[in-house]
Every structure is written in C-alpha cells, then in structure tokens.
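What follows is a single structure, written as structure tokens, with notes after it.
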Amino acid sequence: MSPTALAPSGPPVSDAVRARLRADISLAARVLPVSRPLADLVAVNPLGGFEDRDVPTAVEAARAWYGVVGHLGEPAYRAVYASGRIDDTDLAAALRRWAPEIPWGTWLVAPGAGSGRGSTLEAVILADLHHGEVAEIGGRTEMSLAEAHDARGGAEVAATVDAHVVRWCAAHLDRGQASWSPMRGEAGLYRAWQQLVRHDRTLARAVRRRLATGPQRPEDAVLAAFDAFGSGSDDQLSLLRAELTALPGWAAHLRWRSDVTGDAALVDYLALRLSLTAALIATSSPQDSAASVPNPGRIDRTAPDPATRARIALHRLGVDPGALDPDGWDLLVEVLGHIAPSRRPWVWQAAYEAHYRGGLLRSLSRSTAVSHASDTRPRAQVVCCIDVRSEGLRRHLEGDPEIDTLGFAGFFAVAIGWRAVSGGQSLANCPALIDPRHEVSEVVMGSQRVAEGNRRRTAAWAGTRDGVHEAETTPGSAFALAEAAGWITGPVAGLRTASPTGWEALRRGTRRRVAATPPTTVDLTGCIPPADRVLTARAALTMMGLTSGFARLVVLCGHSSDTAANPYEASLRCGACGGHGGGPNARVLAAILNDGDTRESLRSHGIDLPDDTVVVAAEHDTTSDVVTVLDPHLVPSTHHDDLDRVRYDLDRAGAALAAERCSRLPGAPAAGDDAATPPRSAVRHVARRGADWSETFPEWGLAGNAAFVIGPRSLTRDLDLQRRVFLHSYDWTVDTDGTALETILTAPLVVAQWINCQYWLSSTDPDVFGAGTKTVHNPVGDVGVLSGRSGDLCLGLPRQSVAVGPVLVHEPLRLMAVVQAPLDRISAIVDRHPRLRDLLAGGWVTMVARGRPGEGWTEWTSTGWRDWLAPSMVVEA
Amino acid sequence: MSRTRLPAPPPPPVPGPDLADRTERFARLALRVTLAALVGAVALLGASLGGARPTLAVGFEDAMWLGVAADRLAVLLLVLVVGVSATVQGYALRYLRAEPWRARFVGLTLALTASSMALVAAATPATLALAWVVSGAAVVGLAGLRRDDPTVAYDLRTVRWGVGIGDLSLVLAVAAVLGVAGSFDLRDPGAVATAAAALGGWTIPVAFLLIVAALSRCAQLPLPGWLPLTIGAPTPVSALFHAGVVNGGGLLLIVVAPLLSAAAGAWALVALAAGTTAVWSVLTMSVSADVKGELARSTSAQMGFMLITVAAGLPAAAVVHLVGHGLYKSARFLGSGGVVHEAAHQRALPRRTALRSWTLAALALVAFAPAAVLVAAVSTLGWGAPEAALLVFAWAAIVAGTAGWARRRDDAAGWAWALAGSTAAALAYVGLVHTVKAFLGPIGTTTPTGPGPWALVALAVALVAVAVVRHGAPGTAGVSARLYVWALASTHRPGPSRASARTRPRGVMAVTSRAPRAGAASLAPAPFEVVA
Amino acid sequence: MDVHGLARLAGPEHGGGSLSYRDDLTRMARLEVVVEGDDVPALRDLMASAGVVGFTMVSGVAGLGHGGFRSGSSLFNEQDSQALVLAVAPEERIETLVVGVRELLRERPGVMFVSDVYVSRPDHFR
C-alpha cells in the first residue's frame, strides 16, 4: 500500500476501491450534457445520457437531477389549442397512436339513451385533457451533500460551496482570459487547490486546517467525504450524480475537457467539492433539526384519482355518471388511470406534433413534381447543407428551373483538421460524431515571397492587437492605455452603434488595405492520399444520389455565419463542421472532384464526371444571406460565363431569402400588411444584423426545425417548407447496397436530432437547458458564459435563439424523419444500430417512410411498420 | 416551367417589430432627447472655446442655491456623459428589444443621464448634492432591473449600501457647508477656499465626509465593492456605470480640492485609499476569468489611479483619465460578447514567440525613444515632477504594447515599426494631455499640500512588485501563492442560499394564451406568453 | 536474441508453466474489453489510474452478442460503434483495473475477458 493512503483523515483506501470510484464517476457523468467550448459549439441533446429510454420516462428520470419539465405544460398546450395549432383530430390521432388497441370510439353512453347526452370514451378523455386539473411538476429531488445539509436546517453550506467551486473551476478551466492564472492547465486540480486553499481567508481556520491535512489523492478525498456524510457506499452512484448536477454547466464542461483535451478531471472536481462540503459541515455548529425543510423538489400534493377525474370530465360533458354501465365505467377509469395528469402533457405534445406532421405528409403526398434530370442538362447543380436554412436558399435558387439543388451534410464527407492560411492551430471541421481524418492546410498561391509577405502582414495585424492586449493586462500599463485608447474607442463605439454596416465596411476596408490575403488554395498533396480522395468522392456522390447527369457547374455550398459581439456565433454556424464554417470542407471536396486522377478512378466505379464539369466551392452566410464563391481564381476561363450566371442566381436567391426572413425577424423593416419586404432593403437590413454588435437576434438559426426528409428533391421541390425541414438528397436506386442510407441514418439524422433536442429543451426548460437572456451574459473566455456575475456555466441556447421576449418562436416539436426507400432496407439498418433503434422506439425521432412515390406513408414502430394514422376522426363532444 | 408552391404547415407567427409599442416609442423618444442634448453639449463645447460660460441658476436671498454652469471642465464631461448615454441608448434600442424591464431601463437611464449632466455642471453645493443623490438612486434602480433574479436581489443590498453611504456622506457634508458657510459658486476655487476657511473646525469632518462620498462613487476600498456586484445588470447598464457614474467621485474631489487642501491629511487619506484600491484591483482583475468581472475590477483600479492623480495635484491629468477611461470602458463592455470570437481568432494565428533575451535587449533599446519624447515633453512644456511621475505610466503602457508587438514581429522591419510606433504613441499621448490641459485652462489652481508625486511613485513601485510576484520571480513563490488565493477569494462571492434560489417560480416556459392586441386581430393564432 | 537473453530480461519473477518456453517469458495478465465507443474515455481514465501504461484499441468492431448483431463502425459516426481495447500489464494492476471495468459494465453494455499472457519484454508493460 502506498504511504499516501495513510493520510490523517479517512480510512486506508485500496486501489480497487479507487478504481471502482473512478468507474462510478464516469457512469455518473453520463447524465451530464456534452458541453463544448463556445467557439466550437454544436447542438447536442442535453438528455443524451437518457436516450436509451422513451422520452417521457427519460424526462422524468432527468427531473430528479435537473428539475427538467421537458414539455410546455398543460396550460400552454390548451392555449395552443385555443389558437388552432392543435385541434381535436390531432388529439384523437395522438391517443390512437399511443394505444391503438383501446376502443376509443366506444359509446359509453349511447346518444339517444336516457335523458342526458351521449358520449364516447374518446370524448371523455378529451374533456379530461381540456379541463382536468393541471398536475404539479416536481423539481430536483436528488440533493448534493451540501444541499441535503442545508435542507436539514443546517447553516448555509451549499451557497458557499458553489461560490468556492465556481471560483476555482473558472481559474482552472480558463484558457486565456485571466492574465494571472497559475491554476490554468494545472493537471491535478485537487492537489494544487489543497496546497493553496490554506491561504483562503474566507474559510474558517478549522476548515482550512482540515482541508490541508485531508487525503492527498482525489479519490480518497471523495471517499472520505462520503464516509463521513454520505449514506453508505451502496448509492455511491446517486451521490456522485447529485454532486455533479449541483452545478451541471461546470461539471459538463469539465467532463468534456477530461474526455477530449485531457487537461481536467472530474475526480479532482468532486474531491474539491466534497472535501470542502465535508469540512464546512463538520465545522459548522449542529442545528436544530426541527427547522428542517422538506425537499424542495418533491411534490406533496396528490393528483386526483381517476374516478374523480372521470366524474369531473363527464360533468363537463353534461353526462350523468350514473348513466354509464359498470363495464363502461371501469374502462373509462382504467384508461384515465393510464393517462395520469403528469403524463397528459405528453398526449398534448404528441397532438401538437401530429398537427404539423399530418400537414407536412399531406403536402408531400400532394407534391407532384417529377425529376427532370433526364430531360435536359441543368445549367448548374448546387449542393447545400442539410441545414433547415438551406431549404430557403434552394427554393429560391430553383426559381430558375435550369438549376438543380441537392442537400448533403455540410462537411461534404471530408472530415478534416483545417489549418487556415493565417497559420494557427488546426480546427476540427467535421461532425462531433467523428474525429478529423486528414489534416488539410490552406496555402497561398504564388511564390515563397508572396507567402512570406502575407505572413508578415498577418503578424503585423495580430501584433497590433496583441500590443494593445499586452498593455491592457500588464499591471500599471493599463492605466495610461485606457485613458489614451478611450479617445479612439469611444467615437468608434458611437459609429459602430449608429452605423454597424459603415463600421464593418471601414474595418474590412482597412484590413484589406493593410493586410490583404492573397489568393489561396487547399493543397491536397500529402494531406489526403489518392485512394482516400476516391473513397471520399464516391461516398459523397453516392450518398447524395448524384452519380450521373452532372451539370457544367457543380457548386458545393457550405454555410457559416458572421455576427458581431455574439458569444453564440458558433451556434449559427455549421453543426456538421464542428460549429465552424463549411467553406473549407466545400473547398476540399471541390479540389478532390476537380482532380484528374480522382475522376479517372471514379470512372472505373461508374461515376463519370464529364470533362466540362467544374466543381466550385461556395459559402452561404446565413445571417446576411450572401453567398460567396470561394477560390474563383481556380475556375478555368471556359467556365467564367457559367460562374457569372450562377453568381447572379445566388445573389438573386439570397436577396429573395433575406426578404422572406425579414417577415420573421424582430425589428426588421415591415412593408405593411402581408407584403414582403422589398429584397433590396431586406439585403441591407440583414447585412446590418450581422455587423451590429448590439443585435441579440442576428438570425433565427435552426429555430422551427421539425422534420428531416431523406429522398430525392422531387419529393419536396414543389413545397415551401418554411425553413423547418432538414433535406438530405438520397436516391435508393443508386445506393445499391444500402450503405449510403445507413450512413445518413446513423450520422446526419443523429446530428439533426441533437439540434432538434437542443432547441426543444432550450424552449421548454430555459432555466435548465437554456442559457437565459443574452443581455446579461458574461463570457468566461471561450469556455462558456455566466448569466450575471457568477454561478453555473450556461448550458444550451440563449433565450434569443428560441423566443422574442415572452413569446416562443421555436415550436418545440420532436423530429420526424421522412424517408423514401424500401422499408425492409430501413428496418434492417435500424436493427443493426441499437442506438438508432432506441431513438426511434423512444420517440426521440419518429420515422415515416414509403417505398416509392404514390404509396402511402407508414410509420416505424418497434413492432413493425404501421400505416400513418391520418387524423380524420370527428369527435363527438 | 413555372411551378406553384404548395404551402407546408406554417410556423407560428413572430411578434412584429411593433413600432406602436409604447416602450419602443418611449425608447426612441428618449434617444432623440439624448441626441439633442449631445448636440447641445457639443455646441457648448464650441462656445466654451470662445470663452463662453453659460450659467443657469435659481437663487434667493442674494445667494445662488441651485444652479449649473457650463465651464470648460463641465462641457467636456457633459460631452462624455451625454455621448456615452446616447451610444448606450442606441445600442440598447436593439440589444434590449423584448426584455420585460425595458421601459424601466429607459426611464432610469434618462434619470441617470439628466442627473449626471447636472452633477458635472453643478455650480452650487445643493445642486451637487441633489444631482448626486438622484444619480445614486438611478444607479440602484438600474442595478436592480433584474430583481426577480435571486442573485441580483441579494447583491442589490450591498450595492444599495455601497452607493448609499456615499450619498449620505455627501448630503451631510453639503448640509454642514451650507449651514456654516451658506451657498457659493462651486466652480470658483476661490469661493470654495473661502467656504473652507469659514468652516473652521468643521473642515476636517466635512473633508472626511466628502472623501467617503468620492470613494463610494468610485468603488474604492475600504467601502463595500459595489461595482463588481452590478455585472448581473444588462450590458448597457454596465457601460453607463463604468463610463459615467464612477467619474462622479473624481469630479467631486477636483471641485472641492481647495477644501480638502485645507484639511490636514485629507489628500494623504485619498492617496492611501485610492492607491490600495488600485493595487488590489489590479490583482483581482488579473485573476478574473470572466470578462465583465475583469472589466469591473479594472474600473476600480483605474478610478484609484485617477484619484491619486487628483491627490497629486494634477486635476487636468485626472480629467484626461476620466474621459478617456469612460469612453474606453463603455466600449469594452458593449463589445464584451466578442471575446469568444477573439479567442477563436487568436487560435487561428500562430503561437506567439517567447520574449528571448536578445528580444528584451532590443526592447530596452527601443524603449529609449518614447522615454526621450516624454522627457523632452516635460522640459519643453514646463511640466513638474508630478507630471513626470505620471508619464512613467504612459511609458510603461508603450513598452508593454511594444513587447506584445515584438512577440509577433521579431524581425528587423518589425523593430523599425516598433520604434516608429512607440515614438508616435509617446508623441500622441503628450499631445493629447497637452491639448486637454490647454483646453481646460487652470482648474484646481490650489496645489494640494499632500503626498504629491510620491503617491504616484509609490503606486508605480507597488505595481512593479505585483508584476514581479505575478511572474513568479525566484523566492516569491510563497507570497505569490498567498496573493493569488487572496485575490481569487474576492471573486465569485457566494450568492443567496440555494433554498431561496429554488423557491422562486421556475422560468419554465409555462405558456399561457395572450389576448390579441387591439388592431392586431388579423395576426391569426395567438402566440404564447411565458410566465417566468 | 538467444534464450538466455530472454531469461535475463524476464528477471526473477517469471512464472512457472509446463511449457518450457514460458520459463523464458514473464507472466502478465491481459484484459480485453469491448465497449461502446463513447465509453472509451472512461476506460482510458481507468487504465491510466490503475497504472496500465499502454493499450491497443481497435475501433468499429462488429460482432454478435447478447444484444443482437452489432455492425462495425458506420462511416460518419464513431460514437455509435464498439471498440475493442486490449491491455497487458502485471497482474496486480490488471486486478485493480478489472474492479473498475466491472463497475463500468454494471451499467454499460460490453464484455470483458481476462487471461494470462506471457511477454518477452516486461519492461514495456510496467
């Protein structure tokens, strides 16, 4: 045994016990969401650790730790009903989908019988949904040691522990904000803290002494605290979860740092937190236990029993309960017993979703467009990201019938580490599901001298900013800097506020004049081996179903977003590119597809890119709706005319899209009732939003997302999907072995589901999985934001991403995937991927499919395919 | 080929920009009024160049009791206060859109702007006290905009106490002065000196009360540090506080300087409190990992520096600092959300090179150029020892900036640029201070009989010591650890108890239907409303 | 390297077995674990803390087990796949590690095998 185990407090600990603790910490941490740094923010399902359960069960399980609600609450749904966005047919459909075997149409009281009115089972249930007493929803019930101590009436410990933990976590996890930061990058937080905390005068002397002489190993510290104040090691996992979810934002970020960058460890965090808690409890004076308060998250009030609810509902319908025969009464009470008031909101949620889904599927069925790929060669094919925002751009581009568009994951099948020409670290430009497979660098075209000049200009630009930063942070020098710099930054602040676009033009103009970047390109040699290029090209083209009929110009259009002073900028960028812009990925795939050798190899695989087809990369700024063609200098002169025409088309489509979006952006110029904003002023307006440092609603991002269509564009080409639908092009006839569909269902669909869940829970639980209002955000470097001066790191999306003040703009609907492919192929894929199966079976995603146009829609269920239930019931009320 | 688009299910309606909204109209009106005031302030600035000193006064019994005077100091500060307020209100027009407490923000901002205007131009003690108290109340109101947040409500007690103690002190001091000496022209140093003489034995307690008021407004030790607790307020509020409000303390001391000079030890007390705050806040600022916390603590440090400048008998330099820092800090707050972008930008750049020994040598050589410029300025412009001590800080900033540059451009051309840039910076700094000094003319002619330049020298020495300890010089590890923990412990003070935080109604999107607004009935389905 | 050389390297603690070549090798323990891709960081943490300095990992393994057939790695989702992690270390370290892995597998899908193994260069596994 190591001598360290014999530290003064705490019993000797064996390595095995420590290993068990470490495993438990990893298990406990699974309830934490994934929290990436803000600059690499991508949407995730905050309940990702609960995805193996169905949604209501998962939410109820998570409620114990987070107090999460997960739905809008019954009063809200009833209000939605009143507004017409849910109707009785939706509710009827939701009930039937939930339990098809229940005879919903049964007459409990026949219409003509007796003196009262008749009523079906369904009508009574609907009455209960509409008028039943709203269930109270509990909060966090699992309490950390400090919370439990406080709840027992002890002296306040939890607030002290939290403040202390936040202070040290911020110092430890900060990546460059604080100018004096000896804790940064310190591997063993607990040990380092133990050395330093003895100087912390905000803690009582007895506490400090106890901490300084505590166990030296973090595992031992955790175990010692549990031994002293926990309730035995049997529920060690629960205790750990309660500690981790006391400040879930910090713990989640620590988990990410420990798993990915390796410069932090949860065991250290827990050791710090628990040894402080134990020391504070041990040294606080014992309190009168009579002062104990009940667990604040627990609900004491019991919901009315089913029989009472049945009587109330019948009364509402004007039906005499005595008119029911005993069998009917028993059936009613039994069914009501299954739909407990706490579960009723989920019926409402299903109805809310049924309303949208029914409408979408009806539109898809009515859509009569046929693929015209065979008739004429399109002038250009534009491949956009599956992102819901691309739907708008594609729709407007297709205003010109000579342009075809396709949807594909925005990283264009190239998972790269991207090193920009400025020469910094490589950024992971790929979905969070995978690691970069190739390192690709952007290089200056031209001589060594040009590159060197560019390097110097970049360094000069950076050096000026660094010089100011250095003067700001050096003790003593900041005084004179502030008083001198203010005379410049003050007027600039005025200009930035009065004319954001003017300031942006001035800034960019200066940058261009002082340090313009020469033309660059991506260098594939040495980065991506020829064999991988062919594989990537094949995978990409097969997945999007584009293996023949290439146009003269194929535009790969990634997307990004530039917004000013916005900590959540990355949340508006491409989720498939790790929260970065998709331009680099588009440039890499374009380079691969333009590569002669690759094309040669592709021909041997039956994919013949004609010699006159040129692939061009572009990037769509979703805030300003400006589409920039990247690397135009690489386009051969034979295609300059084609490029000019496509640029014109992109400008036109961008302007039309901007005008369309203006109708939904708060503060956008309104052109009067029902008239769209003129494109010209819309373009000016959205350009302002991106450049404006005071804009908290730069754009709506993916708000509104509700469905994912996997199929050829002919399925949706006739439809205005209102930027609510992810669109992945797929043609099962090209995908001979089903691998393309398998990839789509296991990767892009999962990313879309994460986005959907992020928006959903940021809407229903803004305090738990939402980041609160942006106007009080206080960034901790790029680690995360605090809401106000201290507290937990915010999780999820800010309120301005989903709502305007008190009004929700994002409708929290779970994702529906619509697939056009043979059903047995889909079933086989789902069966091979248990996670996908969990998502579908648990209701996180609903999948609806049809084999070919003209067939009816069927829904995947864990017991087999079921015809999509058309909500056409007329309800007797 | 033309196609008709079938509509898919529409998304819910978005509440419109609603120009008819009363709050929106109120905010726009307030901004227009402020812009008009800005035009007026700039006009006054022009007029003051011509020697005008417009006065507005209400008096009785032959004495002016309430009045404002637009002397050069006042107009300069007026342009600052109104300019920042206009910028902040313009910013807030979009930033605070859709916040439930927006109307209160606009009203309180107007009150704060008006009272700050009265404060900087106050020509009588009563005006000063009145403006001071009103602005104090507006500060507390703005800091408490989000009172429904338990942490904000909890912190508000300290804010109220930290600001209120100054208000009370100033009211008492002004009451004593008025009671003993009657009203007088506050903008006339001679009149202030006469009043101080009339105070007799009251001078020391009155001076003490005035100092407490100034220290409170500038968030100085040993008074409760209210400023870092206000960062729970929305960003525009912070910009207003740090650019406009905290300056009140400096202005007060400049105006009542003759009175303080008459009280033995008054300036030493100011220098001691301000110097301690400056050093301490530099420490706490450098350990803060949250942007707004760092900015708030940096303001306390800057105000400490400014008060020392006043104590050293350099009111003009203090005014340069007040205005420059106000503009700088408000811009930093308004842009605070940009740090994430900045971090991403830094990541896209190569690593900075370490400062090697020969780099340091080159730096030392280059540092001679600005030093020479500053020394030449002292001799040609006839500046005294306090000014010279002050220029050391400017030199330090230039050298630090050059060091930052050199870590990017450690090549011959880079050093040439560094030489040119640092010389130009020194010249620009001297030019700035000289211009403002010349514009202000003689203010606070009474040279304080206090610590003089030694306070500045002591501050410089203390800051060098801090830098040495911070960089972990050999033998300082123990001190360094203590200082670090001590400074860190002052950040992230505990909030309210968790139990009270939990009992508040959760901000669950508990949605209720909203009655359609009159005239908006055509907006089909009623949107939701959150009861948070 | 000749047999004597191996024996020298193996040091004093080489295990006894019936097969003669084992006399020249060092007995150690081998742990093979198949876990979900997103449990790999937890496993790495356990190995690091148990003092297991090296491991071999094969990601995207396919197979048939208790929960049905699992296909290998999907093209763009490495999290939804299983990894095989193979670690060799002195017995006492594997013993510690096993406690942790068993705890992990109490709640997570996966399998674990422990076996004896003989290595020629024990210094690589300490």
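Taking 7 Å steps out from each Cα toward its Cβ at A:ARG457 and C:ARG106 produces label points 6.3 nm apart. Counting every pair of alpha carbons in segment A:436-525, the share spaced more than 16 Å apart comes to 70 percent. Geometric descriptor of segment A:20-72, per residue, is 110 Å³ (volume of the convex hull of the Cα atoms). Per-residue mean of foreign Cβ neighbours for A:23-32 is 5 (Cβ atoms of other chains, 10 Å radius). One Cα centroid belongs to segment A:511-550, the other to segment B:319-387; the line between them spans 43 Å.
Model label sites at B:VAL58 and A:GLU101, defined 7 Å from Cα along the beta-carbon direction, differ in position by 8.4 nm. The spacing between segment B:201-215 and segment A:571-586, judged by their C-alpha centroids, is 60 Å. Amide H to amide H, with H built 1.01 Å from N, B:ASP188 comes under 5 Å of no residue 5 or more places away or on another chain.
Taking the average, over residues, of other Cβ atoms within 10 Å as the packing measure, peptides A:307-320, B:346-359, A:496-509 rank A:307-320, A:496-509, B:346-359 from highest down.
Peptides B:428-440, A:532-544, B:316-328 ranked from most to least packed by the mean count of surrounding Cβ atoms within 10 Å: B:316-328, A:532-544, B:428-440. Were the residues from A:THR736 through A:GLU133 laid out at 0.36 nm apart, the gain over their Cα-Cα distance would be 211.6 nm. In this calculation the C-beta distance from A:ASP54 to A:ASP325 is compared with R0 = 41 Å, giving a FRET efficiency of 0.75.
Prolate is the label for segment A:580-681, because a/c, from the alpha-carbon gyration tensor with a ≥ b ≥ c as root eigenvalues, is 1.5 or above and a/b exceeds b/c. Spin-label pair A:GLU439-A:GLU600: with each label point 7 Å from Cα along the Cα-Cβ axis, the two points sit 2.9 nm from one another. With N set to the residue count of chain A, report its C-alpha Rg divided by 2.2 N^0.38 Å to two decimal places. Dividing the Cα Rg of chain A by 2.2 N^0.38 Å gives 1.04.
Considering only chain A, what is the antiparallel percent among its DSSP beta bridges, to the nearest 5? Bridges in chain A are about 40 percent antiparallel. Global dimensions of segment C:21-105 from alpha-carbon coordinates: Rg and Dmax equal 14.3, 47 Å. Of all DSSP-defined beta bridges confined to segment A:529-681, some 45% are antiparallel rather than parallel.
Computed from the Cα positions only, the extents of chain B along the three principal axes stand at 81, 73, 54 Å, in decreasing order.
Ordered from longest to shortest, the equivalent ellipsoid semi-axes for segment A:341-437 are 34, 28, 10 Å, each the square root of 5 times a Cα gyration tensor eigenvalue. Classify segment A:457-571 as rounded, prolate or oblate, taking a ≥ b ≥ c as the square roots of the eigenvalues of its Cα gyration tensor: rounded when a/c is under 1.5, otherwise prolate if a/b is larger than b/c and oblate if not. Prolate is the answer for segment A:457-571, as a/c is 1.5 or above and a/b outweighs b/c. With N as its number of residues, segment B:96-153 has a Cα radius of gyration that, divided by 2.2 N^0.38 Å, comes to 1.30. If a/c stays under 1.5 just call it rounded; otherwise compare a/b with b/c (prolate if a/b is bigger, oblate if not). Do that for segment B:293-361, with a ≥ b ≥ c from the square roots of the Cα gyration tensor eigenvalues. Oblate is the answer for segment B:293-361, as a/c is 1.5 or above yet b/c matches or exceeds a/b. DSSP bridge analysis restricted to the protein assembly as shown gives an antiparallel fraction near 60%, rounded to the nearest 5.
Give the distance, in whole Å, between the Cα centre of segment A:724-776 and the Cα centre of segment A:393-462. The distance from the Cα centre of segment A:724-776 to that of segment A:393-462 comes to 23 Å. Counting every pair of alpha carbons in the protein assembly as shown, the share spaced more than 68 Å apart comes to 13 percent.
In percent, what relative contact order does chain B have, based on Cα pairs under 8 Å that are 6 or more apart in sequence?
14 percent.
So if the hydrodynamic radius of segment A:77-154 is defined as the Kirkwood radius over C-alpha pairs, what does Stokes-Einstein give as its diffusion coefficient at 10 °C and 1.306 mPa s, in µm² per second?
It diffuses with D of about 98 µm²/s by this estimate.
Give me the lysines in straight-line cross-link reach of B:LYS292: C-alpha distance below 17 Å, same-chain residues under 8 apart excluded. Here the lysines satisfying the reach criterion relative to B:LYS292 are A:LYS774, B:LYS329.
Averaging 1/r over each pair of different alpha-carbon atoms in segment A:742-843 and inverting the result gives 15.7 Å, the Kirkwood hydrodynamic radius. Per-residue shielding of A:167-173, expressed as the average number of other chain Cβ atoms within 10 Å of the residue Cβ, stands at 5. Here the contact order of segment A:620-711, divided by its residue count and restricted to Cα pairs under 8 Å and six or more residues apart, works out to 30 percent.
Sequence-ordered 3J(HN,Hα) estimates for segment A:645-659 from the Karplus curve with 6.51, -1.76 and 1.60 and θ = phi - 60° stand at 5, 5, 4, 4, 4, 5, 4, 4, 5, x, 5, 5, 5, 4, 4 Hz, glycine and proline given as x.
Entry note, chain A: relative contact order of 17 percent, from Cα contacts under 8 Å with a spacing of 6+ residues. The mean number of Cβ atoms from other chains found within 10 Å of a Cβ in peptide B:229-236 is 5, as a whole number.
Every number in this text was worked out from the coordinates using simple rules, so none of it is lab data. A quick note: this is a predicted structure, and the numbers were derived from the prediction, not measured. Note that we place each Cβ from the backbone using ideal geometry, even for glycine, and neighbour counts take in every protein chain shown.
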